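The values are calculated or read from the model by the stated rules, or taken from the named source; none is laboratory data. Since the model is a prediction, treat every value here as computed from it, not as a measurement. Heads up, the Cβs are rebuilt from the backbone with ideal geometry, glycines too, and the neighbour counts pull from every protein chain shown.
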Amino acid sequence: MLPSALTASEFQDYPPEARRVAVDHLDLLRRLPLTFAPLLLQQVQEYDWKFPAERRKIDGQLSYLSSCSPQEFSQLVSGFEQLRVSPSLERYDWVQSPTGFSQQLSAFLWSSGQIDAFTGAAEKFIREIDAALPASRPEVPRLGIAVIGKDVKASKIPLCRKLRPYGTTFTRVDPTNGLRILLDAAVSRAEAHPVPYGHWYVEGGQAGMVPGSHLVTISYEALQPVRAALLRKITRAIQGGIGGPEALSRMLSMMRPEDIGLPGGPQHEVFSHFVTSIFTGGQGTQIFSTTFVQWTARQLWQRAQPLTLLAHFTPRQLERSMNELLSGKDAHPETDPQGSLVDADMGAYLMWIDQQRLTGARDASFLVWFEDHNQALVVSPGLPRGTESNTPVDMNGLLHEAGVKELKSARSGKLAQPRARQTAGIRPGRVNEMVEGIDTNEDMLDFLNEASFSNTADRT
């Protein structure tokens with residue numbers, strides 16, 4: 001079926017809000033080329049369980065496209081209109097299964113040599129949309145916190161090497177009650193700025209008590225039954241002779257929260273669908289806690305765009321054969337603290353890069369702490385870059401240096417500036433230099449079905 005033949009009845013099986021959005025923009029959908037309409041519908045179909053930031057983006061794009069003049073609209077979608085599709089794609093039920101269509105379209109574009117043309121059309125579309133709909137600045141500067149190195153007595157590697165040129169390294173941090181203080185700061189920010197899904201705590205182990213309801217908590221250990229249910233399904237599919245990685249990927253993309261024991265209903269659907277996407281779309285999130293924390297943090301920055309994100313990396317299990325890992329039979333596997341520290345150190349760096357892609361990045365702060373040790377690093381507009389401080393500081397003081405004002409037990413008065421010295425061999429540079437040029441491509445892949453059209457090698 002071609003988009004021009006769409007009717008309102010085609011969306012009767014969509015969730016309530018998705019159906020409303022699709023029917024309200026039916027005239028627009030009928031004007032879109034076949035190589036684009038299903039990709040947009042994939043976002044619309046999932047509207048009911050999107051985060052508020054994602055809904056605003058979808059609403060803005062639909063409104064903008066609807067308001068374009070015929071000439072402007074033609075220029076926006078001309079690149080997609082020039083792409084040819086196979087007869088089987090024209091017959092595909094892309095309204096009910098836009099995800100399946102996008103996967104088939106991806107394969108066809110690669111095999112027909114049109115993937116570069118598609119990428120060019122997508123990049124042009126995103127540039128125009130971003131120019132027309134600039135993202136609004138956050139109501140308060142974003143704060144990212146990564147706690148790394150749990151259970152490590154001494155690091156065998158120099159930590160935060162990639163982040164040092166962009167922040168201040170503190171070498172005399174008082175670690176007393178460090179994690180509790182950081183968590184309290186996240187709770188305080190959530191209470192002071194109660195934005196739905198705007199403040200998150202990602203725990204690689206078992207989450208502690210978190211007062212209040214504005215800080216959303218997601219815990220690797222608490223989701224053990226969900227992970228086990230998914231691993232059983234993957235194991236049965238492999239043992240049943242499923243037709244390779246692509247078939248397994250399609251099976252996972254069709255997984256619903258209730259299939260793996262997550263609660264349904266309007267009250268839980270946003271969180272439950274997000275958790276499902278973490279375990280079905282991230283490679284290794286089901287079996288390695290460090291991968292779970294890093295991938296969850298990345299998806300939160302990209303999708304929920306929170307004001308506060310605290311990620312606690314904990315030791316993952318030792319690497320074993322894939323059959324052993326997928327079996328899930330070992331309830332208490334041996335952990336690898338040193339290897340996990342290497343993972344978490346890179347994970348913290350990737351967290352900062354993803355934070356830098358968001359609006360207000362120049363005002364944002366990022367803190368990395370080597371858990372139970374005296375070393376930390378802070379990237380903040382008020383601190384010098386590429387420097388090291390040997391001034392004693394406790395965790396509240398460190399948060400103060402990061403620009404955090406919402407502290408339950410903050411010190412009174414102004415803290416003295418740290419005595420910082422230039423780190424040998426490091427030249428301070430602009431924060432955004434290293435991520436310059438990747439924002440447009442990342443946004444394009446995210447909007448136009450990253451799972452189908454991007455290389456998954458960058459998923460850590």
All-but-one check, Tyr47 against (1) over 30 Å from Gln375 (Cβ atoms); (2) surrounded by fewer than 18 Cβ atoms within 10 Å (Cβ to Cβ), failing number (2)
Say we look at the range 273-323 and pick out the residues that are small (Gly, Ala, Ser) and not in a strand (DSSP E or B); which of these is modelled with the lowest pLDDT? Ser321
Residues being aliphatic (A, V, I, L, M), surrounded by 17 or more Cβ atoms within 10 Å (Cβ to Cβ) and under 13 Å from Gln96 (Cβ atoms) - total across the range 1-36: 3
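Report the residue count in the range 211-227 for those that are of a type outside the set (Ser, Thr, Tyr) and surrounded by 15 or more Cβ atoms within 10 Å (Cβ to Cβ). Spell out how you get there, then give the answer.
The initial filter retains those residues of the range 211-227 that are of a type outside the set (Ser, Thr, Tyr), namely 211-212, 214-216, 218, 221-227.
Within this subset, residues satisfying the condition of being surrounded by 15 or more Cβ atoms within 10 Å (Cβ to Cβ) are 214-216, 218, 223, 226-227.
Qualifying residue count, the range 211-227: 7.
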So if I check each of Pro245, Pro257, which one is within 19 Å of the chain's Cα centre (by Cα), outside the structural domain of Ala361 (by TED's automatic domain parsing) and either farther than 29 Å from Lys153 by Cα or surrounded by fewer than 18 Cβ atoms within 10 Å (Cβ to Cβ) (or both)? Pro257
From Arg189, Arg180, Arg250, grab the single residue that is in the same structural domain as Ala297 (by TED's automatic domain parsing), surrounded by fewer than 18 Cβ atoms within 10 Å (Cβ to Cβ), in a helix (DSSP H, G or I) and not acidic (Asp, Glu). Arg180
Considering each of Arg137, Arg127 in turn, give the residue that is under 23 Å from His199 (Cβ atoms) and of a type in the set (Lys, Arg). Arg137
Within the range 97-153, how many residues turn out to be touching a Pro at 6+ places or on another chain (Cβ under 7 Å) and either in a helix (DSSP H, G or I) or without any contact (Cβ under 8 Å) to a residue 12 or more places away in the chain (or both)? 3
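Give the residue that is nearest to Ala121 (Cα to Cα), with candidates limited to residues of the range 50-88 that are basic (Lys, Arg) and surrounded by 19 or more Cβ atoms within 10 Å (Cβ to Cβ). Write out each step before concluding.
Just the residues of the range 50-88 that are basic (Lys, Arg), to begin with: 50, 55-57, 84.
From the residues that got through so far, the ones that are surrounded by 19 or more Cβ atoms within 10 Å (Cβ to Cβ) too are 50, 57.
Numbers: Lys50: 25, Lys57: 19 Å.
Once the filter is applied, the top-ranked residue is Lys57.
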Could you list all residues from the range 80-96 that are part of a helix (DSSP H, G or I) and in contact with a helix residue (DSSP H, G or I) (Cβ under 7 Å, 6 or more places away or on another chain)? Phe80, Leu89
Lys162 fails exactly one of (1) in a loop (DSSP other than H, G, I, E, B); (2) touching a His at 6+ places or on another chain (Cβ under 7 Å); (3) surrounded by fewer than 17 Cβ atoms within 10 Å (Cβ to Cβ), namely (2)
